[in-house]
Structures are given as C-alpha cells and as structure tokens.
Amino acid sequence: MTQKAIPFVDLIAPHHEMAEELIDVVRHALATAEFVGGPMVEGFEQEFGRFCDSRYCVGVGSGTDALRFALMAAGVHTGDAVITVPNTFIATTEAISQVGAVPEFVDIDARTYTMHPEKLREHLGTCHIDRTANKLRSRRTGRPISAIVPVHLYGQAADMDPILDLAEEHDLTVVEDACQAHGAEYFSGKRRCWLKTGSIGKAAAFSFYPGKNLGACGEAGAVTTDDEELARNVRMLRDHGQNQKYVHSMEGYNGRLDAIQAGILGIKLKHLTRWNKMRREAAARYHQLLSAWASSLVVPYEPAWARAVYHLYVIRTHDRDGVREQLSQSGIGTGIHYPIPLHLQKAYSNLGYKSGDFPNAEKACSEILSLPMFPTISPQQQSEIVETLLSVSEATAA
Ligand SMILES: Cc1ncc(COP(=O)(O)O)c(C=O)c1O
C-alpha cells in the first residue's frame, strides 16, 4: 500500500476554493426561483461560447443530449448512416441511433487513438454515389451517409483538416464530439492557426459530467456552433420544440440546461484555463518520469498539431490487467477508456461487425490504462504512481 490512497480523479478538492461562490448560486436560485432558463443559463452560454471561439452556445441537459440535438439540427435523418470511431464512450453512438440513424465505424490511429483520416478515406472510397438522390451511399448498409462524428478523445483533438476535407468532398456534415476536450486546440495547417475544439466542425457537443475538465455538480452539456439556424433548432429541440410558450413548430425533448448547474459552471469556467494548464504540467511530469521505460510502456502521443488538455492520461502496456490490479492493491485508482470497442459490444451485435474489423481500436482496448489525472495531482503522488507502476512492469518483465 502507498502512504495514502491516490484516487483516479479528485472531484472534491477543486470545490474548496470556490465553495462559497457555489453555494451562493443555490441561494440565488432559491431567492429568485430561477430554476429553469434565465440569466444564469444565458450568462454561461455566452461565456462558454466565447471560451470555445464559437458564435453560439446552447446549454442542454447532458453531453448525450448535445450530440443528439446537434445531429438532428445538422440535418441527420432517420435511416441515415453516420460515421464515427469504435473507441469512444457509447453515448457517441447512442446519440446517432436515437436520431434514427445507424453508426458506421472507421478505425482509429494507433498513436493518437482518434479517427484515422486514411481509414475514413478508405471507407468513403467503398461507398457509391446514388445519382437519383445525389447522396453518398454506404456499401455496407445501403444507407445514405450524412455525417461524420470525430471524437476528441482523452482531451486531444482529432486530426480535423483531412476529416473536414473529406467531408467537404462528399458533402457530409461534421459534428465534433468534444465531450472530453474542453479547451483542447488543433493547429489547422489549412487555416494556419490554432482552433479550439468546439469551433471546428458544423457543430460540437460538450459534456459537463462531473469528472470532465469542466464539470457540473450534476448533469449538463452544451452545443456550440457558428450556425445561427442550427443554434435556433437546438434551442427548440431542448425545449419541446417551442420557441414561444406552447407554440410548437416541432416535437422536441426536455433537454434544457438546469439553471443551478449553469451558475455553477459559470463559476468553474473562470478556472478552466488554469486547470487545463495544471493538467498539461502533470502530463509533462508523467512523460518525464516514464520516458526511460519507453520499451515496455507507451505514453500519450501529442502530435505537433495538437495541444491536449489531458482529460485522461492514457498509457499502454501489454500486461494491462496485471498492472492495474497491482496499482489497485497499492491504493492507486485507474480506469480503462474503454475496455470493449463499440463494434464488439453486445448492444451493437445487430450491426454485424466482428473481431478483427478495427485492429487499432481492438489492440488499444486491451492495452490502455488511464492513470490518475486531475489538476491538483501532486508531483509526489505522480512519483509514487510511477514507482509502483515500474516495480510491477519490472517484475512482469523479469
Ligand atoms: C466521448 C463522450 N461522448 C459523449 C459523452 C456523453 O456525455 P454525458 O455523459 O454528459 O451524456 C461522454 C461522457 O462521458 C463522452 O466521454
């Protein structure tokens, strides 16, 4: 056992320095009855939109709502196919299915764990153009492909330039799954500038689940976009299809951002840039501590075009389960994101994929291990984690 248990994530400490401000949000809501909608929601939407360099931000109930509403508002229809990756949280594909579309997978890049643009190109190359409907049709399912959902995983952007080029070439919409990447940046060689995730595709979805880089004290999410009409549609979808009380131009959902959560998020947002910097510093320390072990451990790869915000710090090791068990016995929390790729999940057995279809994702799933990562993780905690990790790796190698 290490001297003191080290959690995988610390959701308590960050609230200490702002406890009074957070409690004031609840007091304000109780005093004004502003529980649903109102200035706290609008204020946060403006601030988060600004943070993402995005013209519009619409607060919703969760990241899953954000993805679902963004896809619907971006014009994905029942019967369509939407392309994404198998190494992501199931919410990415749930949202696709809940729109009435079907997910189609392309493999990830083995080093970045995000959508492999070449695999996307290959997949699109297998599709054919339906001249009558002027649509790209999947050979796999016969369905029209309408969108691509690249996932900015573990706090690092997907390689967006080639993905956007392919989308443009085939007239497809790109909706970013930015649920793990608040503040991550991507250098667009085409536009010759750094872009914030959430400002790159047609629309983007964010989750403010408590453990995210910007986390609510409950459930929350947001859609960002530069497209005024898309933003208007998301606003209607989140609120029963109405833009005026009891006037419904369509059916929608109950998917609004809770006002107390918006107030809380507004306070935490002021700390996000600093917290992200602390995460990057912690990642640099892990890199340094682990650099001598490159033969047995793979550390996260940050290409020149990425500035990651390390929502997770994910290493790879052959004896992942053994290492994890040993760390757990030493009181060190870890995670696996994710242990089973989506195409092999029982929930998607109907899609007809099989083992071997996406080798990069499958191999990654069996080797990845997320080490403790949160802004206030101390150098001493990291040293302890790495010491324990290396003692296990050495014992396994001996
Ligand atoms: C990649 C990804 N997409 C979507 C979601 C869904 O977000 P939420 O849990 O807020 O619905 C998450 C949340 O864990 C996520 O990590």
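The values are calculated or read from the model by the stated rules, or taken from the named source; none is laboratory data. Note that the coordinates shown come from a computational prediction; the quantities given were computed from them, not determined experimentally. No Cβ is skipped: glycine too gets one built from the backbone with ideal geometry, and neighbour counts run over all protein chains shown.
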Residue count, region 217-252 (criterion: more than 16 Å from the ligand (Cβ to nearest atom) and assigned to a loop (DSSP other than H, G, I, E, B)): 10
From the options Ile145, Ile129, residue that is in a strand (DSSP E or B) and surrounded by fewer than 16 Cβ atoms within 10 Å (Cβ to Cβ): Ile129
Go through (1) part of a strand (DSSP E or B); (2) over 15 Å from Ala70 (Cα atoms); (3) in contact (Cβ under 8 Å) with a residue 60 or more places away in the chain and name the single condition Met278 misses. (1)
Checking Ala157 against (1) within 28 Å of Arg238 (Cα to Cα); (2) in contact with a Pro (Cβ under 7 Å, 6 or more places away or on another chain): exactly one of these is not met. Which one? (2)
Going through region 184-203 one residue at a time, which ones are within 30 Å of Ala19 (Cα to Cα) and either assigned by TED's automatic domain parsing to the domain that holds His311 or not hydroxyl-bearing (Ser, Thr, Tyr) (or both)? Ala184, Glu185, Lys196, Gly198
If Gly75 satisfies every condition in (1) among the small types (Gly, Ala, Ser); (2) within 16 Å of the ligand (Cβ to nearest atom); (3) within 20 Å of Ile148 (Cα to Cα) but one, which is the exception? (2)
Within the bounds of region 256-264, is there any residue that is within 16 Å of the ligand (Cβ to nearest atom), among the acidic types (Asp, Glu), modelled with pLDDT of 95 or more and touching a strand residue (DSSP E or B) at 6+ places or on another chain (Cβ under 8 Å)? yes
Here the qualifying pairs (Cβ atoms under 7 Å; residues six or more apart or on different chains; first in region 316-333 and aliphatic (A, V, I, L, M); second not in a helix (DSSP H, G or I)) come out as Val323/Thr317; Val323/Leu369; Leu327/Thr334; Ile332/Thr2; Ile332/Ile6; Ile332/Pro372
Here is a check on your reading of the model: is Gly125 at positive phi and not charged (D, E, K, R)? no
Please verify whether Ala304 is outside any loop (DSSP other than H, G, I, E, B) and in contact (Cβ under 8 Å) with a residue 60 or more places away in the chain, treating the condition exactly as stated. no
Checking the condition polar (S, T, N, Q), under 27 Å from His337 (Cα atoms) and at pLDDT 95 or above, which residue from Thr78, Thr93 passes? Thr93
List every residue pair whose Cβ atoms sit under 8 Å apart, with the two residues 6 or more apart in sequence or on different chains, where the first one lies in region 188-211 and is closer than 16 Å to Ala167 by Cα and the second, anywhere, is of a type in the set (Phe, Trp, Tyr) and assigned to a strand (DSSP E or B). Ser188/Trp194; Ile200/Tyr186
Pairs needed: first member in region 139-158, outside the structural domain of Val314 (by TED's automatic domain parsing) and free of Cβ contacts under 8 Å to residues at least 24 places away in the same chain; second member anywhere, surrounded by fewer than 24 Cβ atoms within 10 Å (Cβ to Cβ) and outside any strand (DSSP E or B); C-beta distance under 9 Å; at least 6 residues apart or different chains. Arg139/Thr126; Arg139/Cys127
On the given criteria, is Leu214 within 13 Å of the ligand (Cβ to nearest atom), on the phi < 0 side of the Ramachandran plot and either in the same structural domain as Glu94 (by TED's automatic domain parsing) or assigned to a helix (DSSP H, G or I) (or both)? yes
Take region 86-113 and flag every residue that is among the β-branched types (Val, Ile, Thr), within 22 Å of Leu136 (Cβ to Cβ) and within 12 Å of the ligand (Cβ to nearest atom). Thr92, Thr93, Ile96
One residue from His337, His343 being in a helix (DSSP H, G or I), of a type outside the set (S, T, N, Q) and either in contact (Cβ under 8 Å) with a residue 12 or more places away in the chain or touching a Leu at 6+ places or on another chain (Cβ under 8 Å) (or both): His343
Among (1) more than 16 Å from the ligand (Cβ to nearest atom); (2) touching a His at 6+ places or on another chain (Cβ under 9 Å); (3) not hydroxyl-bearing (Ser, Thr, Tyr), the one test that Lys190 misses: (2)
